[in-house]
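Note sheet for the following structure.
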Amino acid sequence: MLPLALVIAGAVLSLRGAWLLGLPAIGVGIFWFRGMTLRLSKLRKIPGNEYELAAARWMLGVSPEDGAEKIKERHKELVAKQESASGDEEERKRKLNEARDLLLDDLKRKKR
């Protein structure tokens, strides 16, 4: 809101003849707004992946400190608990597989 107010105030000053104050105010307001949008766009990208990892850990019941063996073990336990091959069970199995793959890929990425 403040960058927008600064741009508007700069435009008003420029139109009233004080362009030496107005034009720099417009420039500062534009750069300020652009910097805010860049920072916000970076913040939105980072938690998305963290959210997916947290959801996958919750689904499998593992912690961030657990290794690949624990993840694979928990995955096998949860898949073995399924009794029938109904549509809901197949969907759950697919989600468990995605969670396992996501966490294992994250572990591989961290080892590099």
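The values are calculated or read from the model by the stated rules, or taken from the named source; none is laboratory data. Quantities reported herein were computed from a predicted structural model and do not represent experimental measurements. When we count neighbours, we look across all protein chains shown, and the Cβ atoms used for this are built from the backbone with ideal geometry, even at glycine. Accessible surface areas use protein heavy atoms only, side chains included; no ligands, DNA or RNA. Shrake-Rupley method; radii C 1.70, N 1.55, O 1.52, S 1.80 Å.
Observations
- Residue in region 14-35 that is at pLDDT 80 or above and basic (Lys, Arg) present: yes
- Leading residue by the ranking (farthest from ASN97 (Cα to Cα)) among those in region 54-76 that are exposed (fewer than 15 other Cβ atoms within 10 Å of the Cβ) and within 19 Å of the chain's Cα centre (by Cα): PRO64
- Any chance ALA99 is surrounded by 14 or more Cβ atoms within 10 Å (Cβ to Cβ) and at negative phi: yes
- The residue that is modelled with the lowest pLDDT, counting only those in region 77-88 that are of a type outside the set (S, T, N, Q) and open to solvent by 50 Å² or more (accessible area, probe 1.4 Å), is ALA85.
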